[in-house]
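Here the structure comes first, spelled out in structure tokens, and everything after it is commentary.
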Amino acid sequence: MPSLTELPTDALQVARDAADTLVRFREFLPPGGMLVMLTGRLRDDVREALEMEPLPRAYRSRERRSLDELTSVELDTVAGAVSILLQDRFTSCMDDPALAPLLREVLGALDEQKAERAKLRAEIGAS
């Protein structure tokens, strides 16, 4: 398994930004907190590889919000962050094997939300 330290700096910065995005939108992630914890750990590992100061531990938000509360821009932002982290160059470096499947589940839910919105837009446009 490759190590994060083997990735170029620009790739590490992309992974850090994607993980930061998911932690920032944690109230929209599945309940239970496992995804937030593992994403926070990945963020911390990437920051360590970049020789950056650690951030406070990522915890599940007390507030739970539905994906339909995201604006379209926010939905695309979260989906983009998940897609980035699911790239082979990052999944091959993830310490915890549970992270990638959790990210795939979230991406599926985000894609469903996008499809639902597209269907609504089409119905509104057809009327």
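Laboratory data are not the source of any read-out in this text; all were calculated from the coordinates shown. Just so you know, these numbers come straight off a predicted model, no measurement behind them. Neighbour counts run over all protein chains shown; Cβ positions are idealised from the backbone, glycine included.
Loop-located GluC sites (Glu not before Pro) in region 1-105 (DSSP state other than H, G, I, E, B) with a sparse environment of at most 13 neighbouring Cβ atoms within 10 Å: E51, E63. Scaled to the globular estimate 2.2 N^0.38 Å, the Cα spread of region 1-67, given as radius of gyration, is 1.16.
Approximating the spin labels as points 7 Å out from Cα along Cα→Cβ, the L50-to-D17 distance works out to 0.9 nm.
Residues with beta-carbon under 13 Å from that of A100, excluding A100: net charge, scoring Lys, Arg +1 and Asp, Glu -1? Local net charge: -2. All C-alpha to C-alpha distances of region 4-126, sorted into 10 Å bins beginning at zero, yield P(r) values of 13, 44, 29, 10, 3, 0 percent in whole numbers.
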